[in-house]
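This report refers to the structure that appears directly beneath it.
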Amino acid sequence: MNIKNKFKLLTLKFSFCNWRVKQSAAGFTIIEILVIIAVIAILVGLLVSGGTAARRKAKIYRTKAMIASLETALAMYHVDFGAYPDPSTEKNKNLINLLAAVSVFGTNADWQGPYISFKDEDLKGSIPNATLGDPWGTDYTYSYNSSDSSCTITSAGPDMSLATGDDITNQ
């Protein structure tokens, strides 16, 4: 085989290996579309996870603010009556009524309330039979220690279980 024929054969092989399908200039390839979808999915994932963390923090801050408000209302109650309400007595079981309902202590000369007002969205039911729920739907708990005349207000926190590490309290 002479050099001229070898060159033609090499040219033919090279041309065959570089065979291409004609592409039109308009539109996107499937790879480009998949890359765009992947980038959008990553951005949405970042936004959702950041939003979830922000909502969780907002609920914790809201709970802390409500506990501080309840603590202030209880301090005003303490000034008027000389003691915190004892939740073991039937009359004092519902802390909401003690702090907000005129009907409970309206005739008592010491009662200078209501000591706090609540948004309807915070209450489960209506006063005088309402309970106060935290942002996760569990009720705040109130306890009174007569030995040192202190009170404790607790929310079960994000896991909705008392006596766990994420409980939110005024102590």
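The values are calculated or read from the model by the stated rules, or taken from the named source; none is laboratory data. This structure is a prediction, so every number in the text was calculated from the model and none was measured. Neighbour counts run over all protein chains shown; Cβ positions are idealised from the backbone, glycine included.
Contact list please: Cβ distance under 7 Å, first residue in region 157-171 and touching a residue at least 40 places away in the same chain (Cβ under 8 Å), second residue small (Gly, Ala, Ser) and in a loop (DSSP other than H, G, I, E, B), pairs at least six apart or on different chains.
Cβ pairs passing all conditions: 168/157.
Results for (1) in a loop (DSSP other than H, G, I, E, B); (2) exposed (fewer than 12 other Cβ atoms within 10 Å of the Cβ), shown as yes or no for each residue.
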residue: 147; (1), (2): yes, yes
residue: 151; (1), (2): no, no
residue: 154; (1), (2): no, no
residue: 159; (1), (2): yes, no
residue: 163; (1), (2): yes, yes
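Can you tell me how many residues in region 1-50 are hydroxyl-bearing (Ser, Thr, Tyr), at pLDDT below 60 and either loosely packed, with under 10 Cβ neighbours inside 10 Å or touching a strand residue (DSSP E or B) at 6+ places or on another chain (Cβ under 7 Å) (or both)?
Going through region 1-50 one residue at a time, the tally reaches 2.
Anything in region 110-137 that is without any contact (Cβ under 8 Å) to a residue 12 or more places away in the chain and not hydroxyl-bearing (Ser, Thr, Tyr)? List them, or say none.
Once the filter is applied, which keeps residues that are without any contact (Cβ under 8 Å) to a residue 12 or more places away in the chain and not hydroxyl-bearing (Ser, Thr, Tyr), region 110-137 yields 119, 120, 121, 125, 133.
Hey, among 77, 61, which residue is surrounded by 13 or more Cβ atoms within 10 Å (Cβ to Cβ) and under 21 Å from residue 123 (Cα atoms)?
77 is the lone residue from the list that is surrounded by 13 or more Cβ atoms within 10 Å (Cβ to Cβ) and under 21 Å from residue 123 (Cα atoms).
Filtering region 97-133 down to residues that are part of a loop (DSSP other than H, G, I, E, B), at pLDDT below 75 and not polar (S, T, N, Q), which residue is farthest from the chain's Cα centre (by Cα)?
106
For region 81-96, what are the residues that are modelled with pLDDT under 75, surrounded by fewer than 17 Cβ atoms within 10 Å (Cβ to Cβ) and in a loop (DSSP other than H, G, I, E, B)?
88, 89, 93
Take the residues in region 134-143 that are among the polar types (S, T, N, Q) and in a strand (DSSP E or B); name whichever of them is farthest from residue 58 (Cα to Cα).
143
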